[in-house]
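A.B. asks: First the structure, then my questions, so here it is.
Here, each number is a calculation from the coordinates, and none is a lab measurement. Nothing here was measured: the structure is a model prediction, and the numbers come from that model. Virtual Cβ from ideal backbone geometry, glycine too; neighbours counted across all protein chains shown.
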Amino acid sequence: MASKEEKQRRAALVQAMVDADTKKAIEEMPISLAHLGQLFDHLDTDLENGCDHTSKITTAFLASHNLKIESILPWLQDQGGYCDCEILANVEESWESEISKNT
């Protein structure tokens, strides 16, 4: 059985690996965490009347901020966001802790 110190050392190694993977994922994102947080806030407001199951609100937001729609929309889809409500539900769930840490 591992000692308490050994368990702590292993936990620290695992956390360091997770942190490195998260840092790399953030660096490879086609949108900044700040803009992603703004997008979520925008969707939260604009989706009060429901979702039409397109990404038109997201597309309009990206265009209005001169962001690269052609690379961001596929990334959002890879994160589970195929329409505006899925972007808000699925992508925000994955990234909200990183956004709150970095903004």
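A.B. asks: Does LEU43 qualify as being of a type in the set (A, V, I, L, M, F, W, C) and more than 22 Å from GLU28 (Cβ to Cβ)? Quick ask: steps written out before the conclusion?
C.D. replies: Numbers: of a type in the set (A, V, I, L, M, F, W, C): yes; more than 22 Å from GLU28 (Cβ to Cβ): yes.
Considered against the rule, which asks whether it is of a type in the set (A, V, I, L, M, F, W, C) and more than 22 Å from GLU28 (Cβ to Cβ), LEU43 comes out as yes.
A.B. asks: Going by what's in this entry, would ASP78 be described as within 18 Å of LYS101 (Cα to Cα) and among the charged types (D, E, K, R)? Before you say what the answer is, go through the steps one by one.
C.D. replies: Values: within 18 Å of LYS101 (Cα to Cα): no; among the charged types (D, E, K, R): yes.
So ASP78 does not fit the description; no.
A.B. asks: From the list ALA34, ALA60, which residue is without any contact (Cβ under 8 Å) to a residue 12 or more places away in the chain, of a type in the set (A, V, I, L, M) and out of contact with any Phe, Trp or Tyr (no Cβ under 9 Å at 6 or more places or on another chain)?
C.D. replies: Criteria check complete, one pass: ALA60.
A.B. asks: Also, I was wondering about something else. Residues being of a type in the set (Asp, Glu) and over 18 Å from GLU96 (Cα atoms): count how many of those fall in the range 1-58. Spell out the reasoning first.
C.D. replies: Initial filter on the range 1-58 (of a type in the set (Asp, Glu)): 5-6, 19, 21, 27-28, 41, 44, 46, 48, 52.
From what is left, the residues that are over 18 Å from GLU96 (Cα atoms) are 5-6, 46, 48, 52.
The qualifying residues number 5.
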